[in-house]
Amino acid sequence: MPAVSLLRATTYDVAVLSQSLEALLAPLGGMAAIVKPGDRVLLKPNLLTGARPKHECVTRPELVYCVAKMVQAVGGQPFLGDGPAFGSALGVARNNGYLPFIEALKLPVIEFHGDRYSTGNPEFQHLRLSKEAMAADVVINLPKVKSHVQLTLTLGVKNLFGCVPGKMKAWWHMEAGKDSDRFGRMLVETARAISPDLTIMDGIIGHEGNGPSGGTPRPLNILAASQNVFALDCAIVAILNVDPERIPTQRAATALGLNYTLEELNFPLAQPAELQVPDWKLPSQMMPIDFGAPRVLKSTFKHLYIRWIKEPLAIYTHQS
């Protein structure tokens, strides 16, 4: 029975958060059970956008900092990476307050580069994924609890879509977006290929309503962790009282035999019923997953502008 560790946590204060994370991982054997000395450890947060700091659209830097310190404490070599929709991982991290934490730990921030990897699913024989993620000794997935106007919820499985490099994500929206079930299967196969060794969910403050960036912050006071990303998503969906049939990744995981019922999971700390959120707000109106060619082109130009003009100019202006 996969273990899902659930804990009530109410603050991002680093000292308190460090203790909460130690308690959260203790039933899983602690960080030493995940990371061995010398391991190169990818920390994969949700770095969606740098445009809305303080709107809780991204994984909080305090959480990433505390996890990175835990990795270093057991002899691992953490590095930070993501594939934001717009701009670079470093640029989005900087805009969301990561820089002091990155500098304090001398934490490398890398950009993802793609290569093709085979899967066991003939529908997706080759997925273009981050070489850096696939080559890491350990992947720690650090998603944020958010509603999503295209996918209902974005949790651990969806967060690993950030390991699809560059504008390939926009291509997938256009190529598979007309069929939400196929898009869900692609996300599940991406998660299965990346196969994170540990997922820690940032649910202290979530993002409800018209997410992933247009909603509002919502305190949930939840931390969750599991070595099985599908089990963790199942537990969070239950806590939020959302019908899993509304979520493409949940439908796909069930169809592929990767999903669970709560009765099939082990909860060594808090039970899902103790953390129930009865009034979590989903999007007021869903949007199609298919972006369409004009929007993909516009998105590509915006990404290139932010990545190669706006971000370098901002650094230059700051330094001068």
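At-a-glance table
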{"read-out": "Some residue of segment 66-76 being in contact (Cβ under 8 Å) with a residue 60 or more places away in the chain, in contact with a Leu (Cβ under 8 Å, 6 or more places away or on another chain) and open to solvent by less than 10 Å² (accessible area, probe 1.4 Å)", "value": "yes"}
{"read-out": "Residue match in segment 111-133 (condition: over 30 Å from Glu208 (Cβ atoms), in contact (Cβ under 8 Å) with a residue 60 or more places away in the chain, under 18 Å from the mean Cα position of the chain (by Cα) and not in a strand (DSSP E or B))", "value": "yes"}
{"read-out": "From the options Leu258, Leu232, residue that is in a helix (DSSP H, G or I), closer than 19 Å to Met1 by Cα and in contact (Cβ under 8 Å) with a residue 60 or more places away in the chain", "value": "Leu232"}
{"read-out": "Considering residues of segment 1-34 that are among the β-branched types (Val, Ile, Thr) and under 19 Å from the mean Cα position of the chain (by Cα) only, the residue surrounded by the most Cβ atoms within 10 Å (Cβ to Cβ)", "value": "Val4"}
{"read-out": "Residue list for segment 63-117, restricted to those being farther than 22 Å from Met134 by Cα and among the polar types (S, T, N, Q)", "value": "Asn95, Asn96"}
{"read-out": "Tally, over segment 263-280, of residues that are crowded, with 16+ Cβ neighbours inside 10 Å and more than 18 Å from Ala9 (Cα to Cα)", "value": "1"}
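For every residue, the table says whether it meets (1) in contact with a strand residue (DSSP E or B) (Cβ under 8 Å, 6 or more places away or on another chain); (2) at pLDDT 95 or above; (3) of a type in the set (S, T, N, Q).
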residue	(1), (2), (3)
Asn95	no, no, yes
Pro108	yes, yes, no
Glu111	yes, no, no
Asp115	yes, no, no
Leu142	yes, yes, no
Val145	yes, yes, no
Gln150	no, no, yes
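Quick grid of which residues meet (1) among the acidic types (Asp, Glu); (2) in contact with a Phe, Trp or Tyr (Cβ under 9 Å, 6 or more places away or on another chain); (3) open to solvent by 10 Å² or more (accessible area, probe 1.4 Å):
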position: Arg185; (1), (2), (3): no, yes, yes
position: Ala193; (1), (2), (3): no, yes, yes
position: Ile200; (1), (2), (3): no, no, no
position: His207; (1), (2), (3): no, no, no
position: Asn210; (1), (2), (3): no, no, yes
position: Pro219; (1), (2), (3): no, no, yes
position: Ala224; (1), (2), (3): no, no, no
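The values are calculated or read from the model by the stated rules, or taken from the named source; none is laboratory data. Predicted model, so just to flag it, every value in this text is computed and none were measured. Here the Cβ is made from the backbone with ideal geometry for all residues, glycine too, and neighbour counts use every protein chain on show. Accessible surface areas use protein heavy atoms only, side chains included; no ligands, DNA or RNA. Shrake-Rupley method; radii C 1.70, N 1.55, O 1.52, S 1.80 Å.
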